[in-house]
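Right, one structure below, let's go through it.
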Amino acid sequence: MSKQTQRKSMKYEKKEYKKTRTMEANWYLSSYNYKFNITHMQPFLKKMKQKKLIGNKCSGCNRVFYPPRLVCGECLVKPDRWVDIRETARVATYVIAYLKNEEGEVEERPLVLVQHDGCDTTSIAELAPGVDVKDTYIGLPVRAHWKDEPEGGLEDIEYYDLMEDDAEDLQ
Amino acid sequence: MGRQVAITSAGFSEHASKRSDVSMPELVNEAIEDCLTKVPSVELDDIDAFVNGNMPAFEGSNLPELWMTDWMGARNKPLMRITTGGTTGGSVAIGGYYTVTAELPGIDTVLAVAFEQQSQGDTSVGLASVAYGEISILNSLGISYGQLNRLLSGGAAIGVAAYQATNYMSKSKITEEDLARVVVQNRRNAAKTWWAHLKMPDLTIEDVLDTPYIQYPLRYGMVCPASDGAVAMLFTTEEKAKDMCDIPVYVNGVASVANETAVLGYDGSGSAQVDPSAQIGAMKSAELAYSQAGISFPRKEIDYAEVYAPFPNQELMWDEKLGLFEETTAPEMYETGVTARDGELPVNCSGGVNSTNAIGASAMERPAVAALQIMGKASNQVPKTVHTSIGSGWGGSLNFITLMVMSDEPKRKWK
Ligand SMILES: [Zn+2]
């Protein structure tokens, strides 16, 4: 594991440049008032509170967005129908991150985007703690794991559990 | 259609991680000087207008085009800035093309300049400010900052490119060795290019694979550096170009295409780019630019390609998406030496973005090098004669693509 934390730089032909005067200054980017519309999110968040998943469907291209989208970029119309989304999903893409845990040790963790069955989009997700990075692959089937008491927000799905492999005993 | 546009020269500044010896205007001036010395008959008075671009958020100094006017020789002349993120350089080059082709009265010769002095500011703060809107929306919908940080933990562009790498690798069934091979070709090419940043003449695949992961599947040894540097290109009309240089390079097709963002969707919604390596936008831009240039068989008709790829998986992917190779065959081409300097279709002989990345300038360095290869004046010149070449650009959350197609003969007239 130590090899993964070690920052080793590769040799390259460097040229030394002499320094001119440098002035230090700050550019503050700390405060924003970013406006965005979430009216299309309200029914979705209400359903989340009941542990149900819905997405909105564009009548132009029949794509289903989860979480819902205000405007379909392809058709320039507002998706106007609500449809059911399954709790099951597949890992659409993943990477492995090397992050420090509370004890300061570097942990390998898979970071994933999942595509729920019944929708055409990927969403940000976390796999259940303890999932081995070696078990992660594109197309891995997973199932949403709900919080005990959902509050109506994207964090109501705490993480995604691996699904049982029904064919395991046949291998 | 507008009139035919030609490139007569292109110039570079030296690139390094910290150009502490020059200020931003001086850096830009270096590139302009290199550009104009290649066309001795052109004086500053002959340049009618200027296009200028960088990403001001990365350096923390606003409106640079205004206070470096005199350093570019742009006083009392039309001047326009273009800023489009990673594709800034590509957009600036296309802006230069548009300015000439538009036949504006009195504007024939245009100097396009793109630059970045990243050591002046904090690039990660600049990039964070770009994604800040999306991230705060997701946070307001209940996703903790901790999880969002983890999601993009590779930092900046690697955070999204690594997802793309996993997809591409599983699709084309390649190993990390194939990625490292691309890096080795680029860095060795960079060693022969005078202005490049990471010059590693003796790099081997083992050296690259020996470095730790930033985020699987990308290792430290595979990712682009952050450079200071500038590039300049001279655009003019067909008639004037013939007096300026021996082999004018004609711009026969340009395209700038935006597709949907990958990884992060709009305003907290999901992203419909389920496979970030599908790159429908890139294929669309290739289709547009090639049809303008009258190219029907890119693999046969293009002699040289400069592909904007900070990460090796992207170089392989875009080679395919821009029509240079069949799907999933690019890794093989690197193995058999087709893309080498003396190969059948050389790619990125300047070392590419993988070796030198001054963000605002990078996407313009691609068409600049591709043009110089046609003129025969490139730093790491390919031995064969180049008739047609392309230079591409990439930006945004894997969704913007710019492309310029250049040739040594003017556009064929279709009736
Ligand atoms: Zn639609």
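The values are calculated or read from the model by the stated rules, or taken from the named source; none is laboratory data. These numbers were taken from a predicted model, which means no experiment stands behind them. All Cβ positions, even for glycine, are placed from backbone atoms using ideal geometry, and neighbour counts span all protein chains on display.
Quick grid of which residues meet (1) out of contact with any Phe, Trp or Tyr (no Cβ under 8 Å at 6 or more places or on another chain); (2) within 30 Å of A:V64 (Cβ to Cβ):
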residue	(1), (2)
B:Q273	yes, yes
B:Q292	yes, no
B:W318	no, yes
B:S350	yes, no
B:I359	no, no
B:Q381	yes, no
So which helices (runs of 4 or more DSSP H) stay within region B:116-216 end to end and still have 3 or more residues that are modelled with pLDDT under 80 and away from every other protein chain (no Cβ under 11 Å)? B:123-140
A:P68 meets each of (1) more than 14 Å from the ligand (Cβ to nearest atom); (2) within 11 Å of chain B (Cβ to nearest Cβ); (3) not hydroxyl-bearing (S, T, Y) with one exception, condition (1)
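What helices (runs of 4 or more DSSP H), lying completely within region B:293-364, carry at least 2 residues that are more than 18 Å from B:T175 (Cβ to Cβ)?
Working: elements: B:298-301, B:312-321, B:330-336, B:352-355.
Answer list for region B:293-364: B:298-301, B:312-321, B:352-355.
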Against the condition under 26 Å from B:Q118 (Cβ atoms) and of a type in the set (G, A, S), how does B:A74 come out, does it pass? yes
From the list A:K51, A:K46, A:K57, exactly one residue is surrounded by 11 or more Cβ atoms within 10 Å (Cβ to Cβ), modelled with pLDDT of 90 or more and either within 16 Å of the ligand (Cβ to nearest atom) or within 12 Å of another protein chain (Cβ to nearest Cβ) (or both). Which is it? A:K57
Scan region B:227-253 and report the pairs whose first residue is within 19 Å of B:R366 (Cα to Cα) and whose second residue is hydroxyl-bearing (S, T, Y) and part of a strand (DSSP E or B), with Cβ atoms within less than 7 Å and a gap of 6+ or a chain change. B:L234/B:T8; B:L234/B:S9; B:T236/B:T8; B:P248/B:T8; B:Y250/B:S407; B:N252/B:S407
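For region A:71-91, give me each residue that is within 14 Å of the ligand (Cβ to nearest atom) and in a strand (DSSP E or B). Please lay out each step first, then the result.
Step one: filter region A:71-91 for residues within 14 Å of the ligand (Cβ to nearest atom), giving A:71-81, A:83.
Residues satisfying the conditions are A:R81, A:V83.
Go through region B:1-92 and tell me which strands (runs of 3 or more DSSP E), entirely inside it, have 3 or more residues that are in contact (Cβ under 8 Å) with a residue 12 or more places away in the chain and either touching a helix residue (DSSP H, G or I) at 6+ places or on another chain (Cβ under 6 Å) or aromatic (F, W, Y) (or both). Break it down stepwise before answering.
Values: elements: B:5-12, B:49-53, B:79-81.
By residue number, B:5-12, B:49-53.
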Contact list, first residue from region A:35-50 and part of a loop (DSSP other than H, G, I, E, B), second anywhere and acidic (D, E), beta-carbon distance below 6 Å, six or more apart or interchain, is A:F36/B:D267
Do you know which residues across region B:239-268 are within 14 Å of chain A (Cβ to nearest Cβ) and either more than 18 Å from B:G95 (Cβ to Cβ) or surrounded by 21 or more Cβ atoms within 10 Å (Cβ to Cβ) (or both)? B:N259, B:E260, B:T261, B:A262, B:V263, B:L264, B:G265, B:Y266, B:D267, B:G268
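Being surrounded by 15 or more Cβ atoms within 10 Å (Cβ to Cβ) and more than 13 Å from the chain's Cα centre (by Cα) is the filter here, so list the residues in region A:107-116 that pass it. Before you say what the answer is, go through the steps one by one.
Step one: of region A:107-116, the residues surrounded by 15 or more Cβ atoms within 10 Å (Cβ to Cβ) are A:108-116.
Selection gives A:E108, A:R109.
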Among what's in region A:29-43 and is more than 9 Å from chain B (Cβ to nearest Cβ) and among the polar types (S, T, N, Q), pick the residue that is surrounded by the most Cβ atoms within 10 Å (Cβ to Cβ). A:Q42
Please name all residue pairs, on different chains or six or more residues apart, with Cβ atoms under 7 Å, provided the first residue is in region A:78-89 and is more than 14 Å from chain B (Cβ to nearest Cβ) and the second residue is part of a loop (DSSP other than H, G, I, E, B) and within 16 Å of the ligand (Cβ to nearest atom). A:D80/A:S59; A:R81/A:S59
